[in-house]
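Input: a single structure, listed below in structure tokens.
Rule-based calculations on the coordinates, nothing more; no lab input. Keep in mind it's a predicted model, so treat the numbers as computed, not measured. Cβ: placed from backbone, ideal geometry, glycine included. Neighbour counts: every protein chain shown.
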């Protein structure tokens, strides 16, 4: 059985959102802390219930939860993407996508439910590198 992943915290995600919205001059505001906690708990629950042990699928679960729950006033999809990257890096992976615009479209498709979490994971998998 794989060891438990390193989880990112609410504080980590709040810092990510503050940085992301500062880049564009948008206001920072956490609209609903319970929605943030719920999104963070989503992949952990999947892990603990034995539903998912694949770190990439846990990362896409985190990304989906954050983007769909919309806990911040601005920058939710950007924050969700960076949080998923941070989660993967914390767990020994590097995500190398050739085109940031393509990733942004995949995230938009995920949020609009025209792409499933599993489909997103499989699109990303060829660009995921295990760091040593």
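Over all alpha-carbon pairs of the chain, lay out the pair-distance distribution in 10 Å bins, whole %, shortest bin first.
With a bin width of 10 Å, the distribution comes to 13, 46, 35, 6, 0.
Mind ordering 10-23, 113-126, 73-86 by average Cβ neighbours within 10 Å, highest first?
73-86, 10-23, 113-126
On C-alpha positions alone, give me the angle between the axis of helix 10-24 and the longest principal axis of the chain, in degrees, nearest 10.
For helix 10-24, the angle is close to 60 degrees.
What 222 nm value per residue comes from the helices of the chain, counting each DSSP H run with n ≥ 4 as -39,500 (n - 2.57) and dividing by all residues, nearest 500 deg cm²/dmol?
-19500 deg cm²/dmol
Could you give the angle, 0 to 90 degrees to the nearest 10, between helix 33-48's Cα long axis and the longest principal axis of the Cα atoms of the chain?
Between the helix axis and the principal axis of the chain, the angle is about 0 degrees.
Give me 34, 61 ranked fewest to most by other Cβ atoms within 10 Å of their Cβ, as a rough exposure proxy.
By the 10 Å Cβ count, ascending, the order reads 34, 61.
Ranking 130, 53 by Cβ neighbours within 10 Å, fewest first, what do you get?
Arranged by neighbour count, lowest to highest, 130, 53 become 130, 53.
Round to the nearest 10 and give me the degree value, 0 to 90, for the angle of helix 100-111's Cα axis relative to the longest principal axis of the chain.
Tilt of helix 100-111: around 90 degrees.
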